[in-house]
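Here the structure comes first, spelled out in structure tokens, and everything after it is commentary.
The values are calculated or read from the model by the stated rules, or taken from the named source; none is laboratory data. Since this is a predicted model, take the numbers as computed values, not measurements. Cβ placement follows ideal geometry from the backbone for every residue including glycine, while neighbour counts extend to all protein chains displayed. All accessible areas refer to the heavy atoms of the entire protein, side chains included, with ligands and DNA or RNA removed. Shrake-Rupley method; radii C 1.70, N 1.55, O 1.52, S 1.80 Å.
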Amino acid sequence: MRSRALHPGAWWVWALALAVAASRTTNPLLLGLIIAIAGFVVANRRSDAPWALAFRLYAYVGALIVASRVLFRILVGGEDGGHVLLALPRIPLTAGLSLLGPTSAEALLGGFYDGLRLATMVVCVGAANALANPKRLLKAVPGALYEVGTAVTVALTVAPQLVESVQRVRRARRLRAGRTRGLRAVKGIVVPVLEDAMDRSLRLAAAMDSRGYGRRAYLSPGVRALIASCVLFGLVGVCVGVYGVLDGTSSWLGVPLLAVGLAVAVVGFVLGGRRVRRTAYRPDPWGWPETLVVLAGVASCVSLFLFAQVDPANLYPSLSPLRWPEVSLLHVVSLLIAVVPAFVAPRPPGVVR
């Protein structure tokens, strides 16, 4: 297979599908499998670009989330009953609120499960950041969302650029026989990194200004009002429709309103795209590898939702009574579909593994 960069939109759809699948369960075995799949695909298909180095940072953030949720349960989640592991003294603050207290295994596992689910979703987003070129992703954004897409792209590149800056400063300090670890090295690293961030911001502002960022075509006030109304009411319809789908108590509040909201929002985006005049140099192709990557992520997520009726208790391990997490073979197979991109996606150019 010829080496080329995969369309960034395909990686983001695949990663977001994994994140949605992670939101469907608190089973630590399934969540660990999702993290392993994301890490395996990143290890096999990431490039040597700066943004590809950010996956480890997202893994650290996920570990911090898990630790903070468990610590929060210890600080304010003390409750009587259950299997008490830490008999800490209770410190009353106000009515119904206290610090510390007896900490049970059920409370700690509940915090660990919730934190691990959120950490898995963060790792999935980190996988998309490590695999997709954010600048090439910006070229695929529709014209109506160009300005919002630019802001989101700049925000997503903050973590990779910080990682690159820290590594560059540490290499420079190592060449000068300076400290690269420990608390004393923090001051010598943070100041150059902040200075580099300011320089990047100024260069980015100059580049955006020179390329006419924010330039729009003339539209009459009536058309502008129509575009704003379509986008606003369309997004409100989507929000209410999603709530109706999740709630399931109303037949007209769910799928029908969601479909109408999407249609109205698409009309607003199409009309709004006419006021943005831009061209794309060498747009990224969409071939069969992109389709397979998207299908792998979506199929993994959809199959997990469909098979949720098979052993549903395995998706949410019991905390009362305590029970060891178990997995169903169908749930494992559903998630393993998402590992297909590690084999069907083309290797990035210039990377030999």
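With a sphere of radius 15 Å drawn around the Cβ of Phe307, what net charge do the other residues whose Cβ falls strictly inside it have (Lys, Arg +1; Asp, Glu -1)?
Numbers: positive: Arg24; negative: Asp311, Glu326.
Within the 15 Å Cβ shell, the charges total -1.
Arg90: accessible area at probe 1.4 Å, nearest 10 Å²?
The accessible area of Arg90 comes to roughly 100 Å².
At a 1.4 Å probe radius, which order do Tyr243, Tyr316 fall into by accessible area, largest first? Let's see the in-between values first.
Numbers: Tyr243 140, Tyr316 95 Å².
In descending accessible area the options line up as Tyr243, Tyr316.
How much FRET efficiency would the formula 1/(1 + (r/R0)^6) give for Ser3 and Ala197, where r is the Cβ-Cβ distance and R0 is 30 Å, rounded to 0.05? Please list the in-between numbers first.
Working: r = 32 Å, r/R0 = 1.08.
Once rounded, the FRET efficiency stands at 0.40.
What does the extension gain come out to for Trp288 and Leu99, with contour length at 0.36 nm per residue minus their alpha carbon separation? Intermediate results must be reported in sequence, preceding the final value.
Numbers: separation 189, 0.36 × 189 = 68.04 nm, distance 5.60 nm.
That pair, Trp288 and Leu99, stretches by 62.4 nm at full extension.
Starting from the Cα-Cα distance between Ala36 and Asp311, subtract it from 0.36 nm times their residue separation and give me the gain in nm to one decimal. Could the numbers behind the result be given before it?
Working: separation 275, 0.36 × 275 = 99.00 nm, distance 2.27 nm.
Here the segment from Ala36 to Asp311 would lengthen by 96.7 nm.
If you rank Leu335, Leu116, Leu109 by how much accessible surface each has, with a 1.4 Å probe, what is the order from largest down?
Numbers: Leu335 0, Leu116 25, Leu109 60 Å².
Most to least solvent-accessible, the answer reads Leu109, Leu116, Leu335.
Starting from the Cα-Cα distance between Leu329 and Val242, subtract it from 0.36 nm times their residue separation and give me the gain in nm to one decimal. Please report the intermediate quantities before stating the final value.
Details: separation 87, 0.36 × 87 = 31.32 nm, distance 2.99 nm.
Length difference between fully extended and current span is 28.3 nm.
Amide H neighbours of Ser318 under 5 Å, counting only residues 5+ apart in sequence or on other chains, H built in-plane at 1.01 Å?
Arg323
In the full protein assembly as shown, how much of Phe343 is accessible to a 1.4 Å probe, in Å² to the nearest 10?
140
Sort Glu106, Glu290, Glu195 by accessible area with a 1.4 Å probe, largest first. Provide the component values of the computation, followed by the final result.
Working: Glu106 35, Glu290 0, Glu195 115 Å².
Correct descending sequence by accessible area is Glu195, Glu106, Glu290.
Could you tell me the accessible area of Ser318 in Å² (1.4 Å probe, neighbours in place), rounded to the nearest ten?
Number for this one is 30 Å².
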